[in-house]
1. Quick one: in region B:52-64, of everything that is open to solvent by less than 40 Å² (accessible area, probe 1.4 Å) and not aliphatic (A, V, I, L, M), which residue is farthest from the other protein chains (Cβ to nearest Cβ)?
2. Mind telling me which of the residues A:THR134, A:THR175 ends up being away from every other protein chain (no Cβ under 14 Å) and of a type in the set (Ser, Thr, Tyr)?
3. I need the full set of residues from region A:215-260 which are part of a helix (DSSP H, G or I), open to solvent by 10 Å² or more (accessible area, probe 1.4 Å) and farther than 18 Å from A:ASN36 by Cα, in order please.
4. Give the residue, chosen from B:ARG9, B:ARG49, B:ARG99, that is among the charged types (D, E, K, R), crowded, with 16+ Cβ neighbours inside 10 Å and not assigned by the TED database to the domain that holds B:LEU152.
5. With the condition kept exactly as written, say whether any residue in region A:262-271 is within 30 Å of B:ARG99 (Cα to Cα) and in a helix (DSSP H, G or I).
6. Exactly one of these conditions fails for B:GLY41: (1) buried (at least 21 other Cβ atoms within 10 Å of the Cβ); (2) more than 12 Å from chain A (Cβ to nearest Cβ). Give me its number.
7. In the list A:VAL152, A:VAL145, A:VAL164, which residue meets the criterion of being within 14 Å of another protein chain (Cβ to nearest Cβ), of a type outside the set (Lys, Arg), assigned to a helix (DSSP H, G or I) and free of Cβ contacts under 8 Å to residues at least 60 places away in the same chain?
8. On the given criteria, is B:PRO91 closer than 30 Å to B:PRO19 by Cβ and in contact with a strand residue (DSSP E or B) (Cβ under 8 Å, 6 or more places away or on another chain)?
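The values are calculated or read from the model by the stated rules, or taken from the named source; none is laboratory data. Computed from a predicted structure; not experimentally measured. A quick note on method: Cβ atoms are made from the backbone with ideal geometry, for glycine too, and the neighbour counts reach across all protein chains shown. Only protein heavy atoms, including side chains, enter the accessible area calculation; ligands, DNA and RNA are left aside. Shrake-Rupley method; radii C 1.70, N 1.55, O 1.52, S 1.80 Å.
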Amino acid sequence: MTALAELLVNGLASGAVYALVALGFVIVHRSTEVINFAHPSLLLAGGYLVAVLHDDIGFWPALGAGVAGAAALGALVEFVVLRRLRSGSHGTLSIVTIGVDIVLTVEIARRIGAEVLPLGDPWGDRVVQVGGVTIAQARIAALGVAVAAITVFLLAFKYTSWGVAMRAAAEDRATAALMGVRLGRVSAGAWAVAGALAALAALFLCVFPTPGLDRATSFAALKALPAAVIGGVDSTTGALAGGLLIGVTEALAVGYQDEAALLRGGFADIAPYLLMIVVLLIRPTGLFGTRELARA
Amino acid sequence: MSPPALRVRDLTAAYGPVPALRGITLEVPAGGVAAVLGGNGAGKSTLLRALSGVLPFHGGAVTGGEITAGGTSLRGLRPDRIVAAGVVHVPEGRHVFARMTVAENLRAGSLGARDRRRAAEARDRVHALFPILAERSRQPAGLLSGGEQQMLAIGRALMAGPDLLLLDEPSLGLAPLVTARIAGTITEINRYGTAVLLIEQNAALALRLADHAYVLETGAVALHGTADELAASDEVRRRYLGVATSGEDEEDLGPGPAVRPLARWAG
């Protein structure tokens, strides 16, 4: 029973981190209708900044710099690449983001080399005991920070002018423009927020029990893509639900791999994608997706 | 004398190689109401899109001419700058943000306002004009009736505090009673000093509301004059008001009963 409780807490913690990444996919998709395949490279860039800066300026300033840097990089990609291609179809733009991802990832991976860079986080490998359940401090921090970041994001999305502009543009671009909404600003803002959330996620993908940032960290980010798809790529609620589902599924698959032969040999790695396929077979628009229904 | 709310000179626009506006010249006096009449495809909606800067969203572009509003040149400006210049366009088909609440729709309308601090004041005015929007404030806009959505679309545009309101077919698809209600509010809005450029298929309604009117045909102004002049002109009566006139024009109207006024036009 305690084993299950540990698995669930760890699963929720990594699920919350996936949700951060999935939210990035969702907000970029909502504001520009592009699936942002460059998202993992933004995550890697944010993590890399934290890794190289924390020795000199301390962990918290480094984290701030990583978040700001990834946000700036996201806005830059939007401004330099996507805005020039506005006339292209959404499919074309999505493929362009694959190119952007490859360019950025190769460059950062070259800088990282074969090393594993620690992020200098204050939690280390310390654990806390709660009623016989052992949980790493880093996992608790992940859960807390992710929940806080997501809450702030959702409140902003619901109540600020920025959020109203985002939602108006997502629903009807031409009409939002008639209201005086600056669409370029809205989409650059979406990319920046996605980058910032990705940088936060990068931190928690690289702390205990993971040794640190390496060139493969961005693969972990790709697991959040099925999370976004499971939730329905246009739904913020869906991104949260999808992230948590993926996190818990993965934790359980890892945790019970010794008991069930099926789960052995890296099943946990493919579990998110299997889950995505099953969900899509039952609900083609994802758990909370509405777009197809609305456009019918 | 203050400059006109809108002055358009030789405006041309095209969708790719296809010309849609071929040299439009028109004027809306400050605080006045002008109407643009014309059949489907005459270029009425294209004209409003050109004025509000959203033609590129529909695959078109302004190719020539001048647009000035209250002394500011609007041609080539981004839509948000045009809103900031005090010209706000209510699109045909209402286009409320269906997934957002009524209150959020109004808030979206204030995003481009010159002075956002006056949003609360603007909202009170909109609520006074359309009390139903205050009652339904927390409902998703998609659940409103057609008439209520039209009120919301107009109310949302008023949130930006426009000097000139561009209205595209506000009576489209509405019952006569609701149309009369909307017509009443257009007069009300105008009385508070906002100039209106009204596009309508319901010519009787448009000519009643407007001081001046322009008749568009295949992208050019075919006729213009005061609303009374146009309402009295044989051609407008025959083609847009559905009133039979005696004389040589009758043969191309087909068999007799077809020229009886339609109920909608009496609205």
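1. Among those residues, the one meeting the criterion is B:GLY64.
2. A:THR134
3. Those that are part of a helix (DSSP H, G or I), open to solvent by 10 Å² or more (accessible area, probe 1.4 Å) and farther than 18 Å from A:ASN36 by Cα: A:THR237, A:ALA241, A:LEU244, A:LEU245, A:VAL248, A:THR249, A:GLU250, A:ALA251, A:LEU252, A:VAL254, A:GLY255.
4. B:ARG49
5. no
6. (1)
7. Being within 14 Å of another protein chain (Cβ to nearest Cβ), of a type outside the set (Lys, Arg), assigned to a helix (DSSP H, G or I) and free of Cβ contacts under 8 Å to residues at least 60 places away in the same chain holds for just one of A:VAL152, A:VAL145, A:VAL164, which is A:VAL164.
8. Here the answer is yes, as B:PRO91 does meet what is asked.
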